[in-house]
Amino acid sequence: MAEAKNLGVVGSGQMGSGIAQLGAMHGLHVWLLDTDPTALYRANKSISSSLQRFVSKGQISQAACTEALRRLEYTSNIDELRSADFIVEAIVESEDVKKKLFIELDKITKSSAILASNTSSISITRLASATSRPCQVIGMHFMNPPPIMKLVEIVRGADTSDETFHATKALAERFHKTIICSQDYSGFIVNRILMPMINEAFFTLYTGVATKEDIDTAMKLGTNHPIGPLELADFIGLDVCLSIMKVLHAGLGDSKYDPCPLLVRYVDAGRVGRKCGIGVYDYRKGSEPMKASPRL
């Protein structure tokens, strides 16, 4: 399979915009697709700011920044992905929504295009079954934020071909990522381990064992984690954490993956983390440190 020249990214949130930025920084022509024009506007600003930070730190030149921005196109028209060689979806962590997207992409993209999912937990085999090209569907799970984090988790579905795997691996290497490979089990490697830890941190808060600050400090200073599990959950998004726990519970059938009631309540209350200004912690300007009861 020839080296990819044109990259399509679907979903312009934190993950999608970061993946699009990576592609543009490494010489690909990139279409970033989102049905929400406001989200595309935010992504444009976020990518421009991120690239300028790379310039200010001396990691890329101003000319390289300008060229990367020139290679990026923002669109709400899915037909513009017709000429993409490789497409990564980074939309909401819902199997039904992703399947609907894959059905649509399967219809409009060229027959040689690879369809990759940035899902962090959903079965690649089941996503691939929605298409007429399951051999060209693969999991390509970037870590957040994609331009900074060094890892990419590659997940082969039941029918993913060697050619598709090698093309995906080559693209990750082009992005200077370290690659790990997982079998197609719920949660793969990273979230199979990470999410139960975050869930247990919520149970520790929920049952009054310790304050949120002490839980996070314990893991940072006691186990050398760079960020505490509750802080990390806020950064990921509590809604995303809850979705992944539900996938783990449904896919693996073990009660140890039951989401903590406190996590469920926070999400029900709209407290989903940094992206909305409040989660376990309060990030709103001028707010006092949160002293809310751990039982909400």
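Brief remarks follow.
- Counting only alpha carbon atoms, the long axis of helix 212-222 and the longest principal axis of the chain meet at about 70°.
- Close amide H pairs (under 5 Å, H built 1.01 Å from N) link residue 117 with 89, 138, 139, 140, residues at least 5 positions away or on another chain.
- The Cα-based radius of gyration and maximum Cα-Cα distance (Dmax) for segment 193-276 are 12.2, 34 Å.
- Residue of 80, 89, 213 that the Gaussian network model of the chain assigns the largest fluctuation, springs spanning Cα pairs under 10 Å: 213
- Placing dummy labels 7 Å off each Cα toward the beta-carbon, the span from residue 193 to residue 179 is 2.0 nm.
- Rounded tilt (10° steps) of 14-25 against the dominant C-alpha axis of the chain: 40 degrees
- When 169, 177, 246, 285 are compared by accessible surface with a 1.4 Å probe, the order from highest to lowest is 285, 246, 169, 177.
- Taking amide H atoms as placed 1.01 Å from N in the peptide plane, the amide H of residue 143 lies under 5 Å from those of 151, each 5 or more residues away in sequence or on another chain.
- Dipole check for segment 241-285: with +1 at the C-beta of Lys and Arg, -1 at the C-beta of Asp and Glu, and the Cα centre as origin, the magnitude is about 320 Debye.
- The HN-Hα couplings worked out from phi for segment 236-245 by the Karplus form 6.51 cos²θ - 1.76 cosθ + 1.60 (θ = phi - 60°) are 5, x, 5, 5, 5, 4, 5, 4, 5, 4 Hz, whole numbers, x standing for Gly and Pro.
- Think of it as helices only: each DSSP H run of n ≥ 4 in the chain is worth -39500 (n - 2.57), and spread over all residues that comes to -14000 deg cm²/dmol at 222 nm.
- Most fluctuating residue given options 163, 231, 153, as computed from a GNM of the chain linking Cα atoms under 10 Å: 163
- Largest GNM mean-square fluctuation across 269, 116, 24, computed for the chain with C-alpha springs under 10 Å, falls on 269.
- As a size descriptor, the averaged projected area of the C-alpha convex hull of the chain was calculated at 15.7 nm².
- Solvent-accessible area, 1.4 Å probe, carbon plus sulfur percent, for the chain: 53 percent
- Surface accessible to a 1.4 Å probe, per residue, for the residues of segment 193-276, Å²: 48 Å²
The values are calculated or read from the model by the stated rules, or taken from the named source; none is laboratory data. Remember, predicted model here, so these are calculated numbers, not experimental data. Cβ coordinates were reconstructed from backbone atoms using ideal geometry, including for glycine residues, and neighbour counts include every protein chain displayed. All accessible areas refer to the heavy atoms of the entire protein, side chains included, with ligands and DNA or RNA removed. Shrake-Rupley method; radii C 1.70, N 1.55, O 1.52, S 1.80 Å.
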